[in-house]
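First up is the structure itself, then whatever we jot down about it.
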Amino acid sequence: MSAPTATIDVVELILQDHRRMEELFRTMRNAEADRACALAEFSGLLIAHASAEESEVYPALRRYKKVDNEDVDHGVHEHAEGNSALLALLTVGDVTSEEWDEKLEELVQAINHHADEEERTLLNDARENMTAERRAQLGKAFTEARAEHLTAGCGDIGNVRKIVESGGR
C-alpha cells in the first residue's frame, strides 16, 4: 500500500498552501500578534511553495496542449514579483513601523493577485486536463520538493536575496 501523500491531489495541496498564506497575512496584519514569527513561517512557505511549483508542477502543465504556456510563464513572473516583495518586507527591521505595514500590503497584494490568477487558470487547467492519478503523482513530487526547500531554510533573508538577485531561482 502506498503512503497517504501518494494519493494527495497537487491542486488541493497548492490550495492548502494558499489558504495558509492568507492565515499568515491575517496574523502579520495583527499588531498584537508575533509578526516576526508569522513572517518567518510565511517566507519559508512562499519560497518552498513557488520553487516546488516551478520544478515539479509547471513543467508538467506545459506538456498539456490545452494549458496555455503563457499562463505558466506568467506564474513564474509573478513568483519573482512575490519574492521581491517578500525581500522588501524582510529587510524592514521594525515590525511595528509604518514601513513594515506598507511593505506587508505590497506583499499581500502581489501574492493574493497571483494566487487568484493561478487558481482560476493553471489549477483549473490541471483539474480539467490531468487524471487524478497524475495529480496524485505531482502531489507527491510537489510535497517532496517543498519539504526539501523548507529543510534547507529556504526562507532566510540571505536565500531570498540570492533568489531575487538571480532573477528568480
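Quick notes on this structure:
- Condition broken by ARG135, with the remaining ones in (1) within 16 Å of the chain's Cα centre (by Cα); (2) open to solvent by less than 40 Å² (accessible area, probe 1.4 Å); (3) basic (Lys, Arg) satisfied: (1)
- Any pair with Cβ under 7 angstrom, 6 or more apart, that starts in segment 70-95 at a residue that is open to solvent by 40 Å² or more (accessible area, probe 1.4 Å) and ends at one that is not in a helix (DSSP H, G or I): ASP71/THR121; VAL76/GLY168
- Hey, LEU104 among the hydrophobic types (A, V, I, L, M, F, W, C), closer than 29 Å to LEU138 by Cα and either modelled with pLDDT under 95 or surrounded by 14 or more Cβ atoms within 10 Å (Cβ to Cβ) (or both) or not: no
- Looking only at segment 1-47, and only at residues there that are in a loop (DSSP other than H, G, I, E, B) and of a type in the set (A, V, I, L, M, F, W, C), the one that is modelled with the highest pLDDT: ALA33
Conditions (1) among the aliphatic types (A, V, I, L, M); (2) farther than 13 Å from HIS49 by Cα; (3) touching an Asp or Glu at 6+ places or on another chain (Cβ under 9 Å), marked per residue:
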| residue | (1), (2), (3) |
| --- | --- |
| THR96 | no, yes, no |
| ASP101 | no, yes, no |
| GLU105 | no, yes, no |
| ASN112 | no, yes, yes |
| ASP116 | no, yes, no |
| ALA136 | yes, yes, yes |
| ALA141 | yes, no, yes |
| ARG161 | no, yes, no |
| SER166 | no, yes, no |
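- Of all the listed residues (ARG26, ARG19, ARG63), the sole one being surrounded by fewer than 20 Cβ atoms within 10 Å (Cβ to Cβ), under 21 Å from ASN129 (Cβ atoms) and out of contact with any Leu (no Cβ under 7 Å at 6 or more places or on another chain) is ARG63.
- Residue check: GLU41 meets all listed conditions (1) farther than 18 Å from GLY155 by Cα; (2) open to solvent by 40 Å² or more (accessible area, probe 1.4 Å) but one, namely (1).
- Yes/no for ALA126 being more than 16 Å from the chain's Cα centre (by Cα), without any contact (Cβ under 8 Å) to a residue 60 or more places away in the chain and closer than 23 Å to GLU22 by Cβ: no
- Taking segment 133-145 as the range and being out of contact with any Leu (no Cβ under 8 Å at 6 or more places or on another chain) and either among the hydroxyl-bearing types (Ser, Thr, Tyr) or over 14 Å from PRO59 (Cα atoms) (or both) as the test, the residues that pass are GLU133, ALA136, LYS140, GLU144.
The values are calculated or read from the model by the stated rules, or taken from the named source; none is laboratory data. In this text, all values refer to a predicted model and were calculated from it rather than measured experimentally. So basically every Cβ, Gly included, is an ideal-geometry build from the backbone, and we count neighbours across all protein chains shown. When the accessible area is computed, the model is the full protein with side chains, heavy atoms only, and any ligands, DNA or RNA have been set aside. Shrake-Rupley method; radii C 1.70, N 1.55, O 1.52, S 1.80 Å.
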